[in-house]
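**Student:** Would you mind keeping the following structure in view while I ask a few things?
Any read-out appearing in this document is the output of simple, stated calculations on the displayed coordinates, not a laboratory observation. All figures in this text were calculated on a predicted structure; none of them were measured in a lab. When we count neighbours, we look across all protein chains shown, and the Cβ atoms used for this are built from the backbone with ideal geometry, even at glycine.
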Amino acid sequence: MEQYLKDWLKATSDINSKPFILSKDAKLLLHHFAAGNLAEINRIALNMLMISKARGDSVIRSWQVWVAAKFPGRADTASKPISKEEPASWPPPEAFKVINLCRIEHGLPPLSPPP
């Protein structure tokens, strides 16, 4: 899945733009939400790019993937705009639990609990 995503990001990026970089937790969440389904990878990746481009970010973090995966459909729908603002305290308990489950599953240490 990681090579597919790298190729997808390269193919959808403008040649003059900075390359997008996914954090480790962003990759883990994308893998978790897509479960190997290429259509889901495409949907989530499109949504996370829409968020990142709107913010001017080149690093995609876990919250962007979380929002992108939870958004029903494509982020470019005019009827329901996608949130582009990072929450003040990230991750919320539900996301913290999922991220840590993904980290443990892939042999990484869990995150420390938020303050």
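**Student:** Among 59, 67, 98, rank each residue by its count of other Cβ atoms within 10 Å, from fewest to most, as a rough exposure measure.
**Tutor:** 59, 98, 67
**Student:** Over the chain, with a single point scatterer placed on each C-alpha, what log10 of the ratio I(q)/I(0) does the Debye formula yield at q = 0.18, 0.20, 0.21 1/Å?
**Tutor:** Log10 of I(q)/I(0), two decimals: -0.93, -1.14, -1.24.
**Student:** Under 19 Å from a point placed 7 Å out from the Cα of residue 84 along the Cα-to-Cβ direction: which residues of the stretch 7-30 have their backbone N that close?
**Tutor:** Counting only backbone N, you get 13-14, 17-21.
**Student:** Still on this structure, I have one more. Taking amide hydrogens as modeled 1.01 Å from N in the peptide plane, which residues meet the under 5 Å criterion relative to residue 22, leaving out close sequence neighbours?
**Tutor:** 60
**Student:** Another one. Give me the dipole magnitude in Debye, nearest 20, for the chain about the Cα centre, with unit charges on the beta carbon: positive for Lys and Arg, negative for Asp and Glu.
**Tutor:** On the way: 15 positive and 11 negative charges, 21 e Å.
Computed charge dipole of the chain: roughly 100 debye.
**Student:** Here's another thing I want to ask about it. What is the angle, in °, between the Cα long axis of helix 24-34 and the longest principal axis of the Cα atoms in the chain? Nearest 10 is fine, range 0 to 90.
**Tutor:** That works out to roughly 80 degrees.
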